[in-house]
Amino acid sequence: MTQPNNGLDVFFGATETNVEFMPDIADRDTILLDGNILPCGGFRQVYAPRTGRALGTFADGGCAVIDNASGKGRTLLVGAGVWTGRVLRRAWRRGNPHLVARLHDGEGKQFLWIVNPDRSAQSGRLKVDGADVQGRAL
């Protein structure tokens, strides 16, 4: 059976080639994305891009992140729990209650993940330790 199924392979532009569920060793994997090493775990799904574009890889070279155009928007499929890295603190959101932010620590760097669970584009300002945070969308 094709995974993801029910048409989600078309939506995400990729098919799964391998999957492992590994909550007991959740802290031992990484994803290389834009030159950054992101700690991850919990599960590990490797993808083969179809219409999507590979953005990130696991340490062994397997495709971990897929970007795909879908309808009028984009999808981002991530094959591991990037939230499983050690959470330093929940970052304070400012100006927009729709955005959720978490600050993680890994490989000597800090990573700020901002998630927009809303169906529309969002904007906002965020401060961590009193300093404005500058960032970019993937």
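Bear in mind these aren't lab numbers, they're just calculated from the coordinates by the rules spelled out. All of these numbers come straight from a predicted model, not from anything done at the bench. We place every Cβ from the backbone using ideal geometry, glycine too, and count neighbours over all the protein chains shown.
Rank the residues Ile66, Ile114 as a footprinting-exposure proxy: fewest other Cβ atoms within 10 Å of their Cβ go first. It would help to have the intermediate numbers written out before the result.
Working: Ile66 24, Ile114 17.
Least crowded to most crowded, the residues run Ile114, Ile66.
Nearest 0.05, what FRET efficiency do Asp60 and Gln3 give at R0 = 25 Å with Cβ-Cβ as r? Provide the component values of the computation, followed by the final result.
Values: r = 20 Å, r/R0 = 0.78.
Rounded to the nearest 0.05, the efficiency is 0.80.
Which length gain, in nm to one decimal place, applies between Lys72 and Ala131 when the Cα-Cα distance is subtracted from 0.36 nm times their residue separation?
On the way: separation 59, 0.36 × 59 = 21.24 nm, distance 3.43 nm.
Contour length minus the Cα-Cα distance gives 17.8 nm.
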